[in-house]
Amino acid sequence: MVFAMIFWAAGWPALKIVSEDVSFEVVTFWRFAIMFLAFIPILFWVRRPLVWGYKAVSIVVVNAILNILFMVFAFFGVYYGTASGGGVIVTTLSPLMTFALGALFLGRTIGRWQAIGLAIGLAGGMVMLQLYGDLSDFFALGNGYFLAGALTWALVTLLSQHAHAHLHPIHYSFLIALVGVVVMSFFTTPSDVMVVFEQDGRFWSALLFLAIFGQTVATTIYYIVAGRMGAQYVSGYMFLVPFFALLFSVIFLDEALTWPIVIGGVLTMVAVYMLSKK
């Protein structure tokens with residue numbers, strides 16, 4: 001699980017690198033394409049028959065579209081902002097939004113600790129997004145995209161919980177990648193897709209890491225451990241993602257840490273911990 005969290009965290013600076021020279025349509029297409037190919041040997045390793053029905057297909061299609069939206073928001077977030085900001089804002093606000101949406105629309109009860117956690121998370125989110133003073137910074141730093149990405153990923157999480165009753169997690173991720181490739185093919189041309197072969201080794205290293213380790217391997221580890229140990233066990237490891245995202249962004253991109261990200265990130269991590277308390 002530690003490796004899965006490290007891979008997810010390192011995916012943010014990798015995304016920043018690939019966003020510098022190639023359009024989001026091309027990057028998103030190749031992320032799904034490489035992810036699709038990388039899942040093929042995993043399917044042979046798992047050796048489970050692919051069983052699906054109408055409801056499973058519907059969930060996969062909707063979640064694939066949500067995944068595309070998330071990738072678009074993340075792309076433009078790091079394009080206009082920083083990888084460290086995305087790694088902290090999205091991974092800390094998304095669990096809070098997931099809990100809040102579950103309480104609002106799924107009838108989940110909110111206890112005392114959860115209510116306090118949501119309040120702290122709201123404060124932390126306002127600090128990270130710099131929703132005080134001049135709101136121009138909110139849009140200039142790409143924080144609006146990160147906020148939209150966090151909300152989108154919260155919807156992905158809620159929908160994924162229903163998908164597990166109809167599909168094996170590995171099959172689920174594989175089919176999302178397949179649908180993603182098909183959908184993104186309508187937004188790209190063959191000449192656009194081939195642009196990636198004009199890029200240097202730094203770009204390809206980032207793209208391959210992002211698609212294989214940041215998505216395929218990390219997701220597989222996460223689902224396997226979650227299935228064996230439970231969601232509560234793996235959720236504690238999510239606290240590692242913001243820390244490593246900050247660390248890798250400083251090391252590989254020379255990004256400077258900002259106090260709103262650090263302070264807000266700590267507050268939201270405390271909030272996520274309190275939400276997990278019974």
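No value in this document is a laboratory result; all are computed from the given coordinates. The structure displayed is predicted, hence computed values, not measured ones. Reconstructed Cβ throughout: ideal geometry from the backbone, glycine too, with neighbour counts over all protein chains shown.
Some notes on this structure:
- Other residues whose C-beta falls under 13 angstrom from the C-beta of E20 contribute a net charge of 0, scoring Lys and Arg +1 and Asp and Glu -1.
- Segment 2-275, dipole about Cα centre (Lys/Arg Cβ +1, Asp/Glu Cβ -1), debye to the nearest 20: 1180 debye
- Dipole of the chain [Lys/Arg +1, Asp/Glu -1 at C-beta], most positive-end residue of A9, V272, F197: V272
- Contour excess over end-to-end distance, with Cα ends at S58 and Y273 and 0.36 nm allotted per residue: 74.1 nm
- Listed residue (S19, I42, G149) projecting farthest to the positive dipole end of the chain, Cβ model: I42
- Helix-only [θ]222 nm of the chain, DSSP H runs n ≥ 4, -39500 (n - 2.57) each, per residue, nearest 500: -24500 deg cm²/dmol
- When you restrict to C-alpha pairs under 8 Å that are six or more residues apart and normalise by the size of segment 2-275, the relative contact order lands at 45 percent.
- Percent breakdown of C-alpha pair distances by 10 Å bin, ordered from the shortest bin, for segment 2-275: 7, 29, 37, 22, 5, 0
- Options Y222, V262, F252, ranked by Cα towards positive dipole end of segment 2-275, top entry (Cβ charges): Y222
- Lys, Arg +1 and Asp, Glu -1 on Cβ, resulting dipole of segment 1-146 about Cα centre, debye, nearest 20: 760 debye
- Global form of segment 5-152, assessed from the alpha-carbon gyration tensor, a/c cut-off 1.5: oblate
- Among complete DSSP H helices in the chain, those whose alpha-carbon atoms stretch at least 15 Å along the helix's long axis and whose mean Kyte-Doolittle hydropathy reaches 0.0 are 2-18, 24-46, 54-80, 83-105, 112-128, 143-163, 169-185, 218-229, 240-253, 259-275.
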